[in-house]
Amino acid sequence: MRCPFCTENNDRVVDSRENRNGMTIRRRRECLECGRRFTSYERIEEIPYMVIKRDGSRVEFDRAKLLTGLHKACEKRPVPAKRLEEIVDRVEQQLQDREDHEITTQEIGHFVMGELRELDQVSYVRFASVYRKFEDIDAFMTELKNLLDQRR
């Protein structure tokens, strides 16, 4: 690391400490040329995960937004919040496993509906009604019939 005082690139680390929740490391350094000390910080570079919306626009993945949607779908249902967080964790894991760090809203919606179908069918229908944008009662009834057929 280049010394901020003499601009030489010859130093040693005197002390290292984690800051806050372990996301940053504070390092005290001593320049071996001029003898002065300075502080540097090291942190992991965060790569933003992007969601490709239906209109082709890209927005940053928002874990809280997905979790809010799941909570709304599961409102007044016997679904533990921990299970919803696990679903969001799995969506994030899918993003991390991708080379391009992008995912479509269709992929997220399809995955979440599959998870909810197994977890709570009422929550599944609520989520599907928003995700699939049912235009009329016929589309809603078709989805319910499919759900009933799968139970048999």
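Throughout, read-outs are computed from the coordinates displayed, never taken from laboratory work. In this text, all values refer to a predicted model and were calculated from it rather than measured experimentally. Glycine also receives a Cβ, built like all others from the backbone with ideal geometry; neighbour counts cover every protein chain displayed.
See the values below:
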{"quantity": "Unpaired by the 4.7 Å Cβ criterion, cysteines found in the chain", "calculated": "74"}
{"quantity": "Choice from 66, 32, 119 showing the highest fluctuation, given a GNM over the chain with Cα pairs closer than 10 Å", "calculated": "32"}
{"quantity": "Dipole of the chain, positive direction: furthest Cα of 125, 13, 137, with charges on the beta-carbon", "calculated": "13"}
{"quantity": "Positive dipole terminus of the chain, leading residue within 113, 32, 52 (C-beta point charges)", "calculated": "32"}
{"quantity": "Nitroxide proxy distance, nm - points 7 Å out along Cα→Cβ at residue 98 and residue 43", "calculated": "2.5"}
{"quantity": "Between helix 81-97 and the chain: long-axis angle, C-alpha atoms, 0 to 90°, nearest 10", "calculated": "60"}
{"quantity": "Helix 63-73 axis, angle to the chain major axis (alpha carbon atoms, nearest 10°)", "calculated": "20"}
{"quantity": "Point-charge dipole on Cβ atoms (K/R +1, D/E -1) for the chain, about Cα centre, debye to 20", "calculated": "580"}
{"quantity": "Label selected from (i) 1.36; (ii) 1.26; (iii) 0.95, the criterion being Rg/Rh (Cα atoms, Kirkwood Rh) as computed here", "calculated": "(ii)"}
{"quantity": "Distance violations [Cα-Cα > 23 Å] among 53/82; 72/133; 82/145", "calculated": "53/82; 82/145"}
{"quantity": "Most to least packed among 102-109, 7-14 [average Cβ atoms within 10 Å]", "calculated": "102-109, 7-14"}
{"quantity": "Three semi-axes of the equivalent ellipsoid, region 60-127, Cα gyration tensor, whole Å, largest first", "calculated": "21, 11, 10"}
